[in-house]
Amino acid sequence: MSTAPLAGRRVIEIGSMLAAPFATHILSQLGAEVIKIEPPNGDPTRALVRGGPSGTFIAYSHGKKSMCLDLGKPEGRDALQQLLKSSDALVHNLAPKAARKLGVSRTDCERINPQLIYCHIRGYAAGPQADDLASNPVAEASTGVMEANRVNGRPSRLGPSYHDQFAGAYAVIGILASLLRDQKTATSEDRHVEVGLYETGLHVASRDLVAVQLKQHLLGRPEREPHGEFAMPGYGAYLTHDERWLYLLMLTDGHWAKFCEAMKLPYATDPQYATLKMRKKAREQVEDIVKNAIAAHDFEAVQATLKANGVGCTEVLPLERVLEAEQAHQPGKLRTVSFRGLDFEVPEFPRAGAASDGVETIAPAELGEHTQEILQSLPLSGAEIAALLNSGGVQAQQPGSFAWAAVRETA
């Protein structure tokens, strides 16, 4: 029996791609029963890799049940309404117009279940752009992230969809805050969680946005801090003699002193490098000192020396080697998930005690795999269930859907 904090709670997800599915992934790892509502063509992440499920789908859909509903048909909407009556929360990232069209607006859902926590992850929250569409890269572009991240001079997205995932995490925080309220006195507004990707981007960029204003106040002109690790000389990636990248943690004067002592450099007490302010002024010299010191040693030797002397460092790893680390395999950090006869090591939501919660490992569901099971849990007769399935508005699993394309052997 699960002792996880959200055991016994039912959460409905109407989500695609990442933001809403990431939020409900966290809720499922906290013990909630998550039912993923998908249209007949499935979540787009079911067909991203050779016509079949992607890493996104496997990583963030295990632990969920799948119900296939065509919300464009009245029977699909009827089934969803029955389901919402027995649910604690709804999480979706539909466009506002689509939510209204499909009958899952806040007003619609409050009418169906006044106690339901309604969570909408959208492009923009309330304001003149409330109905505008946005995606993770759009949020990066509009909140200052993309302009500073350039490839060959062209503003470019970061790569990982961090704004989607931050928005999903913020949504979870909002849902948990709603659950903590006294439900006897909670209002409709207390049960409303709205997270915009744009507003998420603003919050994530808070320190940089405030820093620009600070320079305006102090200097009379807006001025940004140097981007990324280049703000701190010696804080970054450096190539070792055997051509492996070592990333150094160099934030404080103490870090600098430890590094110099570990590498037997005569600069630990050198007054021209004594403070961060001085090292920033001598940025090029400091960078050369660190670069040359690291380049003189093979990776294993220099890493051992630095760690023995309390200097923070790590190898810059390619994705295919990340899960080789012993740290990654400590209890509670990875979950073995089987899907279509293949085993995957999937990182857990990082929370102390998760390993002893008893949250069941459920393989990522095939589209509509749990449709009939869920229908039977609702107050519906056998005839009503049969009618829903025959209507096409509610669909059960279709064997062989979303199969990966065969890999052709090359000569």
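The values are calculated or read from the model by the stated rules, or taken from the named source; none is laboratory data. Bear in mind the structure is a predicted one, so any value in this text is a computation, not a measurement. Neighbour counts run over all protein chains shown; Cβ positions are idealised from the backbone, glycine included. Just so you know, the surface numbers come from the protein's heavy atoms only, side chains and all, with ligands and any DNA or RNA stripped out. Shrake-Rupley method; radii C 1.70, N 1.55, O 1.52, S 1.80 Å.
Could you list, in sequence order, all residues of the range 9-38 that are out of contact with any Gly (no Cβ under 8 Å at 6 or more places or on another chain) and farther than 21 Å from Arg335 by Cβ?
Arg10, Ile12, Ile14, Ser16, Met17, Ile37, listed by residue number.
Conditions tested, residue by residue: (1) under 16 Å from Ala130 (Cα atoms); (2) modelled with pLDDT under 95; (3) among the hydroxyl-bearing types (Ser, Thr, Tyr).
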residue	(1), (2), (3)
Phe166	no, no, no
Ser188	no, yes, yes
Glu194	yes, no, no
Val204	no, yes, no
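Looking only at the range 232-249, which residues are touching a residue at least 60 places away in the same chain (Cβ under 8 Å), in a loop (DSSP other than H, G, I, E, B) and open to solvent by less than 40 Å² (accessible area, probe 1.4 Å)?
Once the filter is applied, which keeps residues that are touching a residue at least 60 places away in the same chain (Cβ under 8 Å), in a loop (DSSP other than H, G, I, E, B) and open to solvent by less than 40 Å² (accessible area, probe 1.4 Å), the range 232-249 yields only Thr240.
Kindly list the number of the only condition in (1) at pLDDT below 95; (2) more than 24 Å from the chain's Cα centre (by Cα); (3) within 20 Å of Arg111 (Cα to Cα) that fails for Met1.
Going through (1) at pLDDT below 95; (2) more than 24 Å from the chain's Cα centre (by Cα); (3) within 20 Å of Arg111 (Cα to Cα) one by one, Met1 breaks only (3).
Out of all the residues in the range 1-58, which are in contact with a Pro (Cβ under 8 Å, 6 or more places away or on another chain), small (Gly, Ala, Ser) and farther than 18 Å from Gln397 by Cα?
Answer for the range 1-58, where residues must be in contact with a Pro (Cβ under 8 Å, 6 or more places away or on another chain), small (Gly, Ala, Ser) and farther than 18 Å from Gln397 by Cα: Gly15, Ser16, Gly31.
Do any strands (runs of 3 or more DSSP E) lying entirely in the range 288-405 carry at least 2 residues that are within 22 Å of the chain's Cα centre (by Cα), and which ones are they?
The strands (runs of 3 or more DSSP E) meeting that bar are 334-339, 342-347.
For Arg77, indicate whether it is crowded, with 16+ Cβ neighbours inside 10 Å and under 20 Å from Gly174 (Cα atoms).
No.
Does Leu179 satisfy the condition of being assigned to a helix (DSSP H, G or I) and surrounded by 15 or more Cβ atoms within 10 Å (Cβ to Cβ)?
Yes, satisfied.
So, of the residues in the range 334-365 that are touching a Lys or Arg at 6+ places or on another chain (Cβ under 8 Å) and acidic (Asp, Glu), which turns out to be least open to solvent (accessible area, probe 1.4 Å)?
Of the range 334-365, the ones touching a Lys or Arg at 6+ places or on another chain (Cβ under 8 Å) are 345-348, 350, 361-362, 364-365.
Narrowing the set further to residues that are acidic (Asp, Glu) leaves 345, 348.
Numbers: Glu345: 90, Glu348: 32 Å².
Looking at the filtered set, the residue picked out is Glu348.
For (1) open to solvent by less than 30 Å² (accessible area, probe 1.4 Å); (2) among the aromatic types (Phe, Trp, Tyr); (3) assigned to a loop (DSSP other than H, G, I, E, B); (4) out of contact with any Ser or Thr (no Cβ under 9 Å at 6 or more places or on another chain), each residue gets a yes or a no:
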| site | (1), (2), (3), (4) |
| --- | --- |
| Lys97 | no, no, no, yes |
| Cys109 | yes, no, no, yes |
| Cys119 | yes, no, no, no |
| Gly127 | no, no, yes, yes |
| Ala134 | no, no, yes, no |
| Pro137 | no, no, no, no |
| Glu147 | no, no, no, yes |
| Pro160 | no, no, yes, yes |
| Asp164 | yes, no, no, no |
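Can you tell which of Lys307, Lys291, Lys264 is surrounded by fewer than 19 Cβ atoms within 10 Å (Cβ to Cβ), under 30 Å from Asp208 (Cα atoms) and among the charged types (D, E, K, R)?
Exactly one residue qualifies, and that residue is Lys291.
Looking only at residues that are hydroxyl-bearing (Ser, Thr, Tyr) and either surrounded by fewer than 16 Cβ atoms within 10 Å (Cβ to Cβ) or not in a helix (DSSP H, G or I) (or both) in the range 267-287, which one is modelled with the lowest pLDDT?
Thr269
Is there a residue being over 28 Å from the mean Cα position of the chain (by Cα) and either closer than 22 Å to Pro137 by Cα or of a type outside the set (Gly, Ala, Ser) (or both) anywhere in the range 174-182?
Among the residues of the range 174-182, at least one is over 28 Å from the mean Cα position of the chain (by Cα) and either closer than 22 Å to Pro137 by Cα or of a type outside the set (Gly, Ala, Ser) (or both), which makes the answer yes.
Which is surrounded by fewer than 20 Cβ atoms within 10 Å (Cβ to Cβ), within 24 Å of the chain's Cα centre (by Cα) and farther than 27 Å from Pro364 by Cα, of Ala141, Ala169?
Ala141
Tally the residues that are touching a strand residue (DSSP E or B) at 6+ places or on another chain (Cβ under 8 Å) and either assigned to a helix (DSSP H, G or I) or open to solvent by 10 Å² or more (accessible area, probe 1.4 Å) (or both), restricting the search to the range 49-70.
Total meeting the criteria: 7.
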